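All remarks here apply to the structure that follows.
Just so it is clear, none of the values below were taken in a lab; they were calculated from the coordinates. Fair warning: this is a prediction, and the values are worked out from it, not measured in the lab. Every residue, glycine among them, receives a Cβ derived from its backbone with ideal geometry; neighbour counts consider all protein chains shown.
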Amino acid sequence: MFLVFSLVDIFSKSIQKIYAFPENQGFELQEKSDCTPLMSGLLNKMDREKPAKVVFKKGVYHFYPEKAVGFYHEITNHDNGFYRFAFPLCKFSQVEIDGQGSEFIFHGQMIPFLIKESSGIILSNLTIDWEVPHYLQGKIIANNQDNNTIDIEVAKEFKVKQQGNLLTFGAEGWEHAFLGDNIVFDPLTKAPLYNTNEYYITYSENKNIISEQLSPAIFRLKAKFNSHVPPVNSIITFKGTTHFNRTSPAIHLKASKNVTLHNITIHHAGGIGVIAEKTENIHLDKVDVVLRANSGRMVTTTADATHFCNCKGSLIIENCTFENMLDDATNVHGTYLRIEEIIGARTVYASISHFHQYGYDFAQAGDTVQFIRDSTLLPISKNKVLSVSKINGRYYRIRFEHQLPDELKANDGIENITWYPETIIRNNVVRNNRARGFLISSGKPVLIEHNSISSQMSAILFEGDMNHWFESGAVSNVIIRDNSFVDCSYSGYKQPVIFINPMMKKHTDTPFEKNIRIENNSFRSFDSYILDAKSVDGLFFNNNVIEKTNTWLPLWNTMPMINITQSKQVEIKQNAAPGYQEITISLDEKTKSTTKLLQQQ
């Protein structure tokens, strides 16, 4: 049963006041003049509690940070700090912004749209882009394997400086002191290169890339590549310092309700395209994260296209295209807090462990949580939150309604199970991005159907961990059907097309994930490594077709098509693999005892 909400009904019961932008429709903006103060003035005059619609005269509008509303802002999966906002929709009710096909061009480090503590918000018919992107790319015009060097030519829109023996980049009020995380793209396909892991400069080394300036736009870079220097004519991209390369997401939803994003194009963002946290009922319809045609750029967002952390109600993502991100298409999850100290029969100190989650609003009075064993990720017991005191960005004092279980200990986790959405992801296209397609960690029903996915790593990942990202949520009811998976997992990292991989330190007889149905899908793949799953109770892989392509040479042809361990109640039947002698299946002894294998072709 999936919940579906509609803002059409909300607005039909109220009369909207219409605001035009610019308010004087005969007014002509000077080329690239700053529209930020005009927008701030319009928002300030609006009644936040009455329905309103802002209608833009179709055009190109530029927004700069200098005169933007600003304040210290905590934003999950990004860098906290003092932010400036072009459209700060804070504590508004029933507001629609219709761009009527306009382009919004942003400058520097700022967040275009903030929807905070608001309800009934619609954004539609607009394009978001930046004048200067928040990453660096260069065309490789020469290489030398013996010397571990590449010569790159940097286009004029990317602002670089040679400082000593280091190359830095930045623009309009920001700068990265070193090149940082990197990936190589094919300029013809605009996708990451096949087996691009060979050309990667690891985290431990990417601060040590030595640069020599050969001409105003050409630089020789010396680095420790994993195996080989990238080929001539490929495009290498860098996104800078690890702690400060997520500063400008396009749209941030926080502590809000009933939000619709429709017919929106995001060409670029210095972070995630749409990031939502503690928001109820979200609908994305035709929200495209795509390259601007003929721009020459290889990257759209420097992180995920979309990301949803501790949201609830209904989450619908449909009719979207997500391409060329430097991370995943969609990530839906909660967050584990780590118990630092038990200070009474009903009270704990708990902490956030990943720096990109500092300041996160984990829970509020009345939320139901469950305690998690850190070694197994399995639940210990449930409880209700009585009060939460935020001591600082990392530490919380949480008091519960009922006595804590005797077996609870320091380093165990707390998971907020009130804040998970029922998720529908349908009719979307994912392609040419670094990393994965859909990452799902939610105990509520999930439907993934009629999507086309061609991601550089796994197309779908179920994980959960208390080791690095601390992203919570064992799935319990997932349907993956009628999707097309095309040549996924070509990065060189050992990952199948669908990866069920909870990061448990200790395995038990109780599985982590439950009830995952993978049915009626098409897998067209150069490699035969299709499904790898562990710790699932109820896994069904039925009526799928696995077809071999000749796009690239296989990377993992020693792996079985299907590899399942530490699971039970598994069913694999009536799958077809034309061109293959058989569908190769590997099951450990525990899994074999409750597995049904029928009519494999």
Determine the shape class of segment 194-236: with a ≥ b ≥ c the square roots of the Cα gyration tensor eigenvalues, call it rounded for a/c under 1.5, and otherwise prolate if a/b is greater than b/c, oblate otherwise.
oblate
At 0.36 nm per residue, and after removing the present C-alpha to C-alpha distance, how many nm does the segment from Leu597 to Ala155 gain when stretched out fully?
153.6 nm
Does segment 136-244 come out rounded, prolate or oblate by the C-alpha gyration tensor, with a ≥ b ≥ c the root eigenvalues, rounded set by a/c under 1.5 and, if not, prolate when a/b is larger than b/c and oblate if not?
rounded
Euclidean distance between Cα centres, segment 98-167 to segment 395-448, Å
30 Å
If every Lys and Arg gets +1 and every Asp and Glu gets -1 at its Cβ, then about the Cα centre the chain yields a dipole, in debye to the nearest 20, of 620 debye
Sorted on mean Cβ neighbours within 10 Å (highest first), peptides 574-584, 232-242, 332-342 come out as 332-342, 232-242, 574-584
Name the residues whose placed amide hydrogens come within less than 5 Å of the amide hydrogen of Gly101, ignoring near sequence neighbours (fewer than 5 apart) on the same chain.
Leu126
If each of Ile218 and Ser102 carries a label point 7 Å out from its Cα toward its Cβ, how far apart are those two points in nm?
4.4 nm
What spacing in nm lies between the two simple spin-label points modelled at Lys390 and Glu340, each 7 Å away from Cα in the Cβ direction?
1.6 nm
Counting other beta carbons within 10 Å of each residue's own, what order do Ile210, Ile15 fall into, fewest first?
Ile15, Ile210
In sequence order, calculated HN-Hα J values of segment 398-415 (Karplus, 6.51, -1.76, 1.60; Hz; x Gly/Pro)
10, 10, 10, 5, 10, 5, 6, x, 4, 7, 5, 9, 4, 6, 5, x, 10, 10
Considering only DSSP beta bridges where both residues belong to the chain, give the percentage that are antiparallel (nearest 5).
35 percent
Between Ala20 and residues 5 or more places away or on another chain, which pairs have amide H atoms under 5 Å apart, with H built 1.01 Å from N, and which residues are they?
Val55
Sorted by average packing, counted as other Cβ atoms within 10 angstrom per residue and highest first, what order do 418-424, 60-66, 376-382 take?
418-424, 60-66, 376-382
Note to self, the chain gives a 222 nm [θ] from helices alone (DSSP H runs n ≥ 4, -39500 (n - 2.57) apiece, / all residues, nearest 500) of -1000 deg cm²/dmol
Radius 10 Å from Cβ of Lys596, net charge of other residues (Lys, Arg +1; Asp, Glu -1)
0
Which of the peptides 427-437, 298-308, 473-483 is most tightly packed, and how do the rest follow, judged by the mean count of other Cβ atoms within 10 Å per residue?
298-308, 427-437, 473-483
One quarter of the convex hull surface, Cα atoms only: what value does that give for segment 31-72 in nm²?
4.0 nm²
With Cβ to Cβ distances under 13 Å as the rule, what net charge do the other residues near Phe400 carry (K, R +1; D, E -1)?
+3
